[in-house]
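> My structure is below; once you've seen it, I'll send some questions.
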Amino acid sequence: MDVFIEEYFGIKLKDVQKVEARMFGNCDTIYFVQSRGFGKTWLTAVCCLAMGVLYPGSLIAVISGTAEQATLVPKKIDTYFKKYPDIMREIDANGHAPVQLNRSKGKCYLKNGSQIESYSIGTFRGNRAKIIVIDEAPEVKKDDLDAIAKPVRNTTREVCIQKEFADYPSKMISITSACLKSNYFFEAFVDTLRDISRGAKNCFACT
């Protein structure tokens, strides 16, 4: 993923961003906890674009506790990435803006059928997605997350169904600024460390 972003999009990543982008591409459950201004939403936006380009027909949903917060990822695409010609070549902007934005909604459609769309947690019920990004995840109640977000990860891209080949595993990416230990983010981090200490080979954690 990091190599694709740098070589195909022409976007230079810092060393820590390379690690995170590779994790975005390789893992299916990801937690990013970083201070404000670290660039986590920026990186998430370019990783969503990369996944959408690499895997046609990917439905990517950005969810948050409020509709306005959820639009931040599409806004990053509109602000930073539509200036790159290699990215604009992939975006379907026929007759409308490359990123369709208002205060409560953001949409970006790619020519290969992938799409990035924002939702509040309340409006996402009944929808489906191959990749779910939870922005400012502590603002979303864990019960809501379990009830709404996780079940819809059982989504297979239409091209895989039609062509009868295996799809990549669905992804849930949760991002937040630094949060209290009482949050489920900290529990997930500690549980991951315990699994690693027991010899699990399918986990990764870093600080």
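Coordinate-derived values only; no laboratory data. Worth saying up front: this structure is predicted, and the values here are computed from it rather than measured. When we count neighbours, we look across all protein chains shown, and the Cβ atoms used for this are built from the backbone with ideal geometry, even at glycine.
> Which of 69, 115, 34 moves the most in a Gaussian network model of the chain with Cα springs under 10 Å?
34
> Can you run phi through the Karplus equation (6.51, -1.76, 1.60; θ = phi - 60°) for the range 27-42 and list ³J(HN,Hα) in whole Hz, with x for Gly and Pro?
Karplus-based 3J(HN,Hα) across the range 27-42 equals 9, 10, 9, 10, 10, 10, 10, 9, 5, 5, x, 6, x, 5, 5, 4 Hz.
> Dipole size in debye (nearest 20) for the chain around its Cα centre, Lys and Arg Cβ +1, Asp and Glu Cβ -1?
So the magnitude is around 160 debye.
> Where in the chain is the longest stretch that carries no trypsin sites (Lys or Arg not before Pro) classed as loop by DSSP and with at most 14 other Cβ atoms within 10 Å?
Counting only loop sites that pass the neighbour cut-off, the longest clear stretch is 37-82.
> Based on alpha-carbon positions alone, could you give the equivalent ellipsoid semi-axes of the chain from the gyration tensor, as √(5λ), descending, whole Å?
Values: eigenvalues 128, 74, 70 Å².
Ellipsoid semi-axes (Å, largest first): 25, 19, 19.
> Next question, about the same structure. Find the centroid of the Cα atoms in the range 8-51 and in the range 80-138, then give the distance between the two in whole Å.
16 Å
> What residues have an amide H closer than 5 Å to that of residue 91, excluding those fewer than 5 places away on the same chain, when H is modeled at 1.01 Å from N in the peptide plane?
Hits under the 5 Å cutoff: 111.
> Determine ³J(HN,Hα), in whole Hz, for all residues of the range 152-169 in sequence, where each value follows from phi through the Karplus function 6.51 cos²θ - 1.76 cosθ + 1.60 and θ = phi - 60°; x replaces Gly and Pro.
6, 6, 7, 10, 10, 4, 4, 5, 6, 5, 5, 8, 6, 9, 5, 8, 6, x
> What's the longest bit of the chain with no exposed chymotrypsin sites (Phe, Trp or Tyr not before Pro), using DSSP loop states and at most 14 other Cβ atoms within 10 Å as the test?
1-164
> Return the sequence-ordered ³J(HN,Hα) values of the range 43-58 in whole Hz as given by the Karplus equation 6.51 cos²θ - 1.76 cosθ + 1.60 applied to θ = phi - 60°, using x for Gly and Pro.
Residue by residue, the range 43-58 yields 5, 4, 5, 5, 5, 4, 4, 5, 5, x, 6, 5, 10, x, x, 6 Hz.
> Write down the percent of antiparallel bridges among all DSSP beta bridges whose residues are both part of the chain, to the nearest 5. If you can, show how the numbers build up before the last one.
Working: 7 of 27 bridges.
So the antiparallel bridges in the chain amount to around 25 percent.
> Further, regarding this structure: Counting only other residues whose beta carbon sits under 15 Å from that of residue 16, what net charge do I get with K and R as +1, D and E as -1?
Charge balance near residue 16 sits at +1.
> Sticking with this structure for a sec: Sum -39500 (n - 2.57) across every DSSP H segment of at least 4 residues in the chain, then divide by the residue count to get the 222 nm mean residue ellipticity, nearest 500. Kindly include the intermediate steps, with their values, before the conclusion.
Values: 7 runs with 60 residues, N = 207.
Dividing the helical sum by the residues of the chain leaves -8000 deg cm²/dmol.
> Quick one: which residues, 5+ away or cross-chain, put their amide H under 5 Å from the amide H of residue 32? H built at 1.01 Å from N.
Answer set, sorted by chain and number: 174, 175, 176.
> Now for a separate question. State which entries of 141/181; 107/171; 75/181 exceed 22 angstrom in Cα-Cα distance in the structure shown.
Violating the 22 Å limit, Cα to Cα: 75/181.
> Within the range 118-207, list the GluC sites (Glu not before Pro) lying in a DSSP loop whose Cβ has at most 13 other Cβ atoms in a 10 Å radius.
Passing sites in the range 118-207 are 164.
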